[in-house]
Ligand SMILES: CC(C)(COP(=O)(O)OP(=O)(O)OC[C@H]1O[C@@H](n2cnc3c(N)ncnc32)[C@H](O)[C@@H]1OP(=O)(O)O)[C@@H](O)C(=O)NCCC(=O)NCCS
Ligand SMILES: [Zn+2]
């Protein structure tokens, strides 16, 4: 498994996506079609946001984060139309190297740890430990992922070595 080399290119935003003024996008960021990135969002270098996702104020995506198509971020835990919470947003932080699966929902406030793997359709209501694989609604830890994304162990207990055989061989 080869890590992508960063070109240091300006962010690529596919139409008809909209990135609001004030949003902080790092180099080599890709924003797929039909996305909205709000003015207070932060998107780190090399992060890829697939189509049909909105990244709201209060959402901080680290570097090399993969956001699958149709993932849902939130920024108010107890929303009411008649009681606006702005600008006291509930925060979502996704740390470097983590993956958010297709159509997963992150219920803020929540933090997804480094290199964690959130399964497709998961509803994440609690912080996710680094390298954990979580799935289901509510999301629970089902295993552990290598930095490259391969599942290296099943169950709730983290293994001593979080690298897959291929990555271990090249370490
Ligand atoms: C969560 C995920 C990483 C697990 O992968 P894995 O470790 O290889 O796990 P497996 O496919 O072997 O599945 C293990 C078990 O978890 C279940 N499972 C897998 N993914 C699941 C999910 N997203 N939600 C609920 N259960 C899931 C499987 O049905 C299986 O259950 P079983 O043992 O009762 O049959 C993966 O299934 C996933 O959802 N990846 C995200 C894909 C995606 O959204 N890509 C977007 C870009 S294209
Ligand atoms: Zn690996």
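Taken together, the values in this text are just the output of simple stated rules run on the coordinates, not laboratory data. All of these numbers come straight from a predicted model, not from anything done at the bench. Cβ placement follows ideal geometry from the backbone for every residue including glycine, while neighbour counts extend to all protein chains displayed.
Among the conditions (1) closer than 14 Å to residue 94 by Cβ; (2) surrounded by 21 or more Cβ atoms within 10 Å (Cβ to Cβ), the only one that residue 144 does not satisfy is (1). The residue that is nearest to ligand 2 (Cβ to nearest atom), among those in segment 4-54 that are touching a residue at least 40 places away in the same chain (Cβ under 8 Å) and surrounded by fewer than 18 Cβ atoms within 10 Å (Cβ to Cβ), is 4. Under the condition of being under 19 Å from residue 104 (Cβ atoms) and more than 16 Å from ligand 2 (Cβ to nearest atom), the residues counted in segment 139-155 number 4.
Restricting attention to segment 140-150, does a residue exist that is assigned to a loop (DSSP other than H, G, I, E, B), in contact (Cβ under 8 Å) with a residue 40 or more places away in the chain, within 13 Å of ligand 1 (Cβ to nearest atom) and in contact with a strand residue (DSSP E or B) (Cβ under 7 Å, 6 or more places away or on another chain)? Scanning segment 140-150 turns up at least one residue that is assigned to a loop (DSSP other than H, G, I, E, B), in contact (Cβ under 8 Å) with a residue 40 or more places away in the chain, within 13 Å of ligand 1 (Cβ to nearest atom) and in contact with a strand residue (DSSP E or B) (Cβ under 7 Å, 6 or more places away or on another chain). The residue that is farthest from residue 116 (Cα to Cα), among those in segment 73-90 that are more than 10 Å from the chain's Cα centre (by Cα) and surrounded by 14 or more Cβ atoms within 10 Å (Cβ to Cβ), is 85.
Return yes or no: is residue 97 in a loop (DSSP other than H, G, I, E, B) and under 10 Å from the mean Cα position of the chain (by Cα)? Considered against the rule, which asks whether it is in a loop (DSSP other than H, G, I, E, B) and under 10 Å from the mean Cα position of the chain (by Cα), residue 97 comes out as yes. Tell me, which residue of segment 57-71 that is surrounded by fewer than 20 Cβ atoms within 10 Å (Cβ to Cβ) and under 22 Å from residue 103 (Cβ atoms) is nearest to the chain's Cα centre (by Cα)? The qualifying residue nearest to the chain's Cα centre (by Cα) is 60.
So in segment 100-114, with the set limited to residues that are more than 16 Å from ligand 2 (Cβ to nearest atom) and not in a strand (DSSP E or B), which one is surrounded by the most Cβ atoms within 10 Å (Cβ to Cβ)? Step by step, filter segment 100-114, then rank; the result is 104. Checked against the criterion of being in contact with a helix residue (DSSP H, G or I) (Cβ under 7 Å, 6 or more places away or on another chain) and either away from ligand 2 (no atom under 16 Å from the Cβ) or over 17 Å from residue 42 (Cα atoms) (or both), segment 115-132 contains not a single residue that satisfies it.
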